[in-house]
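Input: one structure, supplied below.
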Amino acid sequence: MCHPSWARALTAAQRRDDLARLRRVRDRIDREYAQPLDVEALARDAHMSAGHLSRQFRLAYGEAPYGYLMTRRIERAMALLRRGDLTVTEVCFTVGCSSLGTFSTRFTELVGVPPSVYRREAAATEGMPPCVAKQVTRPVRNREPQPA
């Protein structure tokens, strides 16, 4: 099917606009991960439908906005658990989760062990530079292949 050049230009411009909106959504999630965020509100603020945001975000970043948000929360939770001065429940609420059960389930899915076990085993990274500890303990979904 032939499209006039103005239609191709409009499509390219729309893609650029969508990518800029997606970057703003991703940056907001990175900044405000501990706040109550939901896909509908993120989409509304980005002037997109929730379905369009979810589809485009997944295409651009490899996971849906909610999955990206939970990954950021779990990464932060891992750092707090390694620090060792907060309980698992305190960490759960500090990173913006409102349900300890959901937090524990998601943590276990991403990290491979429950948060309480992770906290106990965090002593293994003690003394490591934080940048190395973060790389070594980065969350990876159980279904994803482990790096070689």
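The values are calculated or read from the model by the stated rules, or taken from the named source; none is laboratory data. Computed from a prediction, not measured in an experiment: that's the story for all the values here. Cβ placement follows ideal geometry from the backbone for every residue including glycine, while neighbour counts extend to all protein chains displayed. Heavy atoms of the whole protein, side chains included, go into the accessibility calculation; ligands, DNA and RNA do not. Shrake-Rupley method; radii C 1.70, N 1.55, O 1.52, S 1.80 Å.
State the answer as a single residue: which of GLN35, THR94, MET48 lies farthest towards the positive end of the charge dipole of the range 1-100, with beta carbon charges of +1 for Lys and Arg and -1 for Asp and Glu, about the Cα centre.
MET48
Please work out how much accessible surface SER116 shows to a 1.4 Å probe, ignoring ligands, DNA and RNA, in Å² rounded to 10.
Surface accessible to solvent at SER116 totals approximately 60 Å².
Report HIS52's accessible area, 1.4 Å probe, all protein chains in place, as a number in Å² to the nearest 10.
50 Å²
Using each residue's phi in the range 14-30, evaluate 6.51 cos²θ - 1.76 cosθ + 1.60 at θ = phi - 60° and report the 3J(HN,Hα) Karplus result to the nearest Hz, with x for Gly and Pro.
5, 4, 4, 4, 4, 5, 5, 5, 4, 4, 5, 5, 4, 5, 5, 4, 4
Ok, one more. Which percent of the accessible heavy-atom area of the range 9-79 goes to carbon and sulfur, probe 1.4 angstrom? All intermediate terms of the calculation are to be shown ahead of the outcome.
Details: 2020 of 3950 Å².
Here carbon and sulfur together make up 51 percent of the probe-accessible area.
Oh, and also: Quick one: 3J(HN,Hα) in Hz for the range 83-88, Karplus 6.51/-1.76/1.60 with θ = phi - 60°, rounded, Gly and Pro as x.
4, x, 9, 10, 6, 4
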